[in-house]
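Below is one structure; the comments refer to it alone.
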Amino acid sequence: MELRLISESWRRIENWLRDRERIRELAPPATSQEIARGEVSLGVNLHPDHTRLLHGHNGSGSFTLPPHYEILSSSEVVDAWRIKTDVWGDDPHSPYRPPWVPFASDRAGGVLYLDVSQPHERIGAHDKEGTSLLSAHSMWASLPSLMHHTADALESGHVLDRYRRPRDDDDFLLWEVFPFAADS
């Protein structure tokens with residue numbers, strides 16, 4: 001499967017939101033200075049795909065990625081990372097590692113992250129109890145993959161992994177979970 005660039009996926013998501021008069025849900029793009037401040041606070045460079053995501057929109061407001069993750073702004077990335085590293089510490093047996101930089105949050109202690117210490121891009125998840133519940137679905141292979149699959153599901157209305165796009169009248173733009181559904 002050829003993945004589209006993150007900017008193309010953002011354009012498709014924006015169009016879907018615009019058609020529902022929800023485009024205002026998204027924050028404006030992050031500036032290079034905002035991203036640089038975040039990197040200084042983290043002490044690492046963001047993954048290039050994470051930077052592209054923030055250059056599209058510096059946070060997602062009430063729009064969520066499947067199933068219920070809000071994209072974090074550059075300052076929220078730093079806050080979420082500090083909370084995770086403060087809670088889970090530097091213990092070598094900790095289920096959270098400092099090079100894991102969050103890019104989305106479920107606002108209940110769970111995050112989606114990219115490991116900036118590894119060359120691979122696979123998305124990781126860490127919930128408030130230190131576990132990950134991501135499936136083997138290809139949407140989790142990388143941030144471009146997640147954005148591409150999200151845009152496809154929004155446009156088509158097809159179930160993605162176990163998630164159906166938000167209903168047009170959903171105030172919070174949350175994905176519906178179908179426990180045994182496959183892509184359709």
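Taking chymotrypsin sites (Phe, Trp or Tyr not before Pro) in DSSP loop states with no more than 12 other Cβ atoms inside 10 Å as exposed sites, the chain has its longest site-free stretch at 1-171. Taking θ as phi - 60° and the Karplus parameters 6.51, -1.76 and 1.60, the scalar couplings of segment 40-52 work out to 5, 5, 6, x, 9, 7, 5, 4, x, 5, 5, 4, 4 Hz in sequence order, x denoting glycine and proline. Of S132, S156, S142, the residue with the greatest mean-square motion in the GNM of the chain, using alpha carbon springs below 10 Å, is S156. Between 0 and 90 degrees, the angle of helix 143-156 with respect to the longest Cα principal axis of the chain falls at about 20 degrees. A cut-off of 5 Å between modelled amide H atoms, ignoring neighbours fewer than 5 places along the same chain, links A30 with H55, G56, H57, N58.
If exposed GluC sites (Glu not before Pro) are those in a DSSP loop with at most 13 other Cβ within 10 Å, what is the longest stretch of the chain that has none? Between exposed loop sites, the widest span is 22-128.
In a fully extended conformation the segment linking D127 and A108 would gain 6.0 nm over its present Cα-Cα distance, using 0.36 nm per residue. Segment V177..S32, full-extension length gain: 48.6 nm, with 0.36 nm per residue of separation and the alpha-carbon distance subtracted.
Considering only V116, V101, V40, the mean-square fluctuation computed in a Gaussian network model of the chain, springs between alpha carbons under 10 angstrom, is largest for V40. Build a GNM of the chain with springs between Cα atoms under 10 Å apart, and of V159, V111, V77 the one that fluctuates most is V159. Using a cutoff of 8 angstrom between alpha carbon atoms and counting only pairs six or more residues apart, the relative contact order for the chain works out to 20 percent.
A viscosity of 1.306 mPa s and a temperature of 10 °C, combined with the Kirkwood radius over C-alpha pairs in the Stokes-Einstein formula, give segment 32-101 a diffusion coefficient of 123 µm²/s.
Since every read-out is calculated from the coordinates, none of them should be taken as a lab result. In this text the structure is predicted, and so the values were computed from the model without any measurement. Note that we place each Cβ from the backbone using ideal geometry, even for glycine, and neighbour counts take in every protein chain shown.
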